[in-house]
Amino acid sequence: MIKKFTYKLFLTLATSLLLLTSLCLTSPLTTRNHLHKQLVAQPTLYFHGWAGSANSTNHLIAAAAALPQVKKVLTITVTESGQLAINGSWQDNVKYPLIQVLFANNQAEIPQQARWIDKVVTYLQTNYHIQSFNIVTHSMAGPATFYWAITSYRPTYPQFNKFVAIAGPFDGVIHIDDVPNQNYFQADGLPAYQNAAFKNYYRQRQAFPKNTQVLNIYGNLADGSNSDSLVTNVSARSLGSLVKGQVASYQEITITGPSAQHSKLHNNDQVNHAVDNFLFK
């Protein structure tokens, strides 16, 4: 009886030891990969604006990818039905991975874009276990990202570390609901004329993540319009009215001259330098 018990105990211990050895041999690679992304990698997502395309962010991404430890790893295309098409490979040794996000329907309204942004962020959290991320936007993608942050961002999400808005129309677009040199900032820091979108952003502004650092880049053609041809400086700078005093930091950079035109700003070396300094240095 004692011999049988001893034999069974030996078999149990031997089986347990083999199982433990197997786990030790097979799991470290997966664990190490996940931990590497969790503890080191900080991806930056690039979003184009209304009617934009890959051309809207290609130059920004290429400039960043020329820096040490920075590399484009994925292109995520959101199909018209809201599915994600993933292209590329995310290597574990990339400290600053760059991810280009494209919308197949590039003329969707801001609430729809916000839902797609949320889908991309949660996909990266689930599949790559990211702990923090940055977002770089051009034009309408700026307000879309802000709207996403105040309506969908949750404490369980990865930290929204840095937000770059380039030529963002936060209070109107010329020829639609804004006119050059009409709007101005009042003593309280708010724009005198506020469109419906800005009023909505302002009501919910306190939901914007408090630990986010914000860089706002806008263009002034220096032609007397105080605009980049589509977005007035007041409209772009209205982002400051929404986040000043309640985020980790807020700064503005003005790009001046012909190269500050709305669609040229994402191909502007001054913009590249400012964005990359903010994100990676």
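Coordinate-derived values only; no laboratory data. Because the structure is a prediction, the values reported are computed rather than measured. Every residue, glycine among them, receives a Cβ derived from its backbone with ideal geometry; neighbour counts consider all protein chains shown.
Out of the residues in the range 264-281 that are out of contact with any Leu (no Cβ under 8 Å at 6 or more places or on another chain) and in a helix (DSSP H, G or I), state the one that is surrounded by the most Cβ atoms within 10 Å (Cβ to Cβ).
265
Quickly run through the range 83-111 and pick out the residues that are loosely packed, with under 14 Cβ neighbours inside 10 Å and closer than 25 Å to residue 208 by Cα.
Within the range 83-111, 107, 109, 111 qualify.
Only residues that are part of a helix (DSSP H, G or I) and under 19 Å from the mean Cα position of the chain (by Cα): list them for the range 239-253, please.
Scanning the range 239-253 gives 239, 240, 242, 243.
Using beta carbons and a limit of 9 Å, which pairs, at least six apart or on different chains, have the first residue in the range 61-80 and on the phi > 0 side of the Ramachandran plot and the second one buried (at least 17 other Cβ atoms within 10 Å of the Cβ) and part of a loop (DSSP other than H, G, I, E, B)?
69/94
Looking at the range 165-193, which of the residues that are assigned to a strand (DSSP E or B) and in contact with a Pro (Cβ under 7 Å, 6 or more places away or on another chain) is surrounded by the fewest Cβ atoms within 10 Å (Cβ to Cβ)?
Filtering first and then ranking leaves 185.
Could you please find all residues in the range 112-121 being without any contact (Cβ under 8 Å) to a residue 24 or more places away in the chain and either surrounded by fewer than 13 Cβ atoms within 10 Å (Cβ to Cβ) or under 14 Å from residue 48 (Cβ atoms) (or both)?
Within the range 112-121, none qualify.
What are the residues in the range 194-225 that are surrounded by 17 or more Cβ atoms within 10 Å (Cβ to Cβ) and in a loop (DSSP other than H, G, I, E, B), if any?
Once the filter is applied, which keeps residues that are surrounded by 17 or more Cβ atoms within 10 Å (Cβ to Cβ) and in a loop (DSSP other than H, G, I, E, B), the range 194-225 yields 194, 195, 208, 209, 212, 221.
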